Amino acid sequence: MTRRILRAAGCALAALLLHSAAPQAQHELTGGTQWGPLVQEASRALALTGDPRAGKARYGVCAACHRPTAWGDPAGTLPQLAGQHATVLIKQIADMRASQRDNPAMYPFAILIEGPQELADLAAYIGTLPMNPMNPQGPGTDVGYGKALFEDTCARCHGPSGEGSLAAAIPLIGGQTYAYIVRQLKEIRDGKRRNANPDMVKQVIGFSDRDFLAVADYVSRLRTPSHGRNLEQLSK
Ligand code: HEC
Ligand code: HEC
C-alpha cells in the first residue's frame, strides 16, 4: 500500500519535473508552427539556450514600458509578459522585427535587439518573473456566458485554463490583463495582427461586443500553473 502511494508520488514528481524541464520542447518548433512558417530569426533563437543574467541586463529598456515586474499596465496598452511561454515571446518579438506584427511604439526598441542570442536571453530572463496575482480583470457581470463561449471556441487551442502551449507557441492568455485581451481579440478579428492564427480569426469574426467582453473577462480570471511559478521572487 505505502509502496503504491510512494510510486504514485514518484510519478507525480516525475510529471512535475518533466513540466519544469519543458523549455527543451522549444526545439520542436524550429521548423515552424502548426499554422505557418516561423521567421528565420525565431527558429534560430529557439535553438539556443538563453542566459537569464544577460537577459536581465537587456531587459532595462523593456522595463521602461512593460514595467520592471513585466506586468504591463491596467489600461492594457502593454501586455503582461511575465508567465508567457519563451516560444511565444521569441516568436512575437521576431515577428515584430520582421514587420509581421505592427507595434509602432516598440519597433524602434525591438530593432535594437542584436539577434537570436539576445532574444533567447530576454525570454529566459522574463521566464524568471512571477505573474501578477492581482491582474486587472473585467467587471465580472457576464462571466458565465464568457465561460461557455471559452469552452466552446477557445479551449481547444489555448487549453482549459488558458495556459497555451510552450511546445506549439500558443500564447498563455489566462490571467492576462482584461483590456489587452479585448483589444487583441478585435485586432485579430480585423486582420491588424498579420501573424494571427487563421483558424482563430474564423472563430472571432462573427463575435458581438458582448462575446468579446464576456470571453475576455472570463479569461482574465483564469489561473494557470504559471501563476504559481517564481512566487518567491515577489517577496524580495
Ligand atoms: C516604447 C514602449 C515599449 C518598449 C520599450 C518595449 N515594448 Fe514590448 N510592447 C509594447 C506594446 C505597446 C506592446 C503591445 C503591442 C500590441 O498591442 O499589439 C508590446 C508587446 C510586446 C510583446 C508581445 C506580447 C504578447 O503577449 O503578444 C512582447 C513579447 C514584448 N512586447 C517584449 C518586449 C521586450 C522584450 C522589450 C525590450 C527589448 C520590449 N517589449 C520593449 C511596448 C514596448
Ligand atoms: C485554432 C486555434 C485557436 C483558437 C480556436 C483560438 N486561438 Fe487565440 N491564438 C491562437 C494562436 C496560435 C495565437 C498566437 C498567434 C501568433 O503567433 O501571433 C493566438 C493569440 C491569441 C491572443 C493574443 C495573445 C497575446 O498575448 O497577444 C488572444 C488574446 C487570444 N488568442 C484569445 C483567444 C480567445 C479568447 C479565443 C476564443 C474566442 C481564441 N483565442 C481562439 C490560437 C487559437
### Query
Could you list, in sequence order, the residues of segment 203-213 that are assigned to a helix (DSSP H, G or I) and at pLDDT 95 or above?
204, 209, 210, 211, 212, 213
### Task
Taking the options 183, 223, name whichever one is within 12 Å of ligand 1 (Cβ to nearest atom), closer than 24 Å to residue 123 by Cβ and either part of a loop (DSSP other than H, G, I, E, B) or in contact (Cβ under 8 Å) with a residue 40 or more places away in the chain (or both).
183
### Summary
Selection over segment 18-54 where residues are exposed (fewer than 15 other Cβ atoms within 10 Å of the Cβ) and modelled with pLDDT of 95 or more yields a count of 2
### Message
Can you say whether residue 37 is within 14 Å of ligand 2 (Cβ to nearest atom) and either at positive phi or without any contact (Cβ under 8 Å) to a residue 60 or more places away in the chain (or both), as far as the supplied structure shows?
### Response
yes
### Message
Taking the conditions exactly as written (over 23 Å from residue 216 (Cβ atoms), within 14 Å of ligand 1 (Cβ to nearest atom), modelled with pLDDT of 95 or more and among the hydrophobic types (A, V, I, L, M, F, W, C)), does residue 78 satisfy them or not?
### Response
no
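Condition check ((1) near ligand 2 (Cβ under 8 Å from one of its atoms); (2) of a type in the set (Phe, Trp, Tyr); (3) out of contact with any His (no Cβ under 9 Å at 6 or more places or on another chain)) across all residues:
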position	(1), (2), (3)
183	no, no, yes
189	no, no, yes
197	yes, no, yes
201	no, no, yes
206	no, no, yes
209	no, no, yes
215	yes, no, yes
219	yes, no, no
## Note on the structure
Of (1) more than 23 Å from residue 74 (Cα to Cα); (2) more than 15 Å from the chain's Cα centre (by Cα); (3) within 16 Å of ligand 2 (Cβ to nearest atom), residue 110 satisfies every one except (1)
### Query
Taking the stated definitions as given, is residue 199 closer than 18 Å to residue 36 by Cα, crowded, with 18+ Cβ neighbours inside 10 Å and among the acidic types (Asp, Glu)?
no
### Query
Yes or no: residue 156 within 24 Å of residue 82 (Cβ to Cβ), of a type in the set (Lys, Arg) and near ligand 2 (Cβ under 9 Å from one of its atoms)?
no
### Task
Out of the residues in segment 71-100 that are small (Gly, Ala, Ser) and in contact (Cβ under 8 Å) with a residue 40 or more places away in the chain, state the one that is nearest to residue 52 (Cα to Cα).
86
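The values are calculated or read from the model by the stated rules, or taken from the named source; none is laboratory data. If you're wondering where the values come from, they're calculated on a predicted model, not measured in any experiment. All Cβ positions, glycine included, derive from the backbone under ideal geometry; neighbour counts span all protein chains shown.
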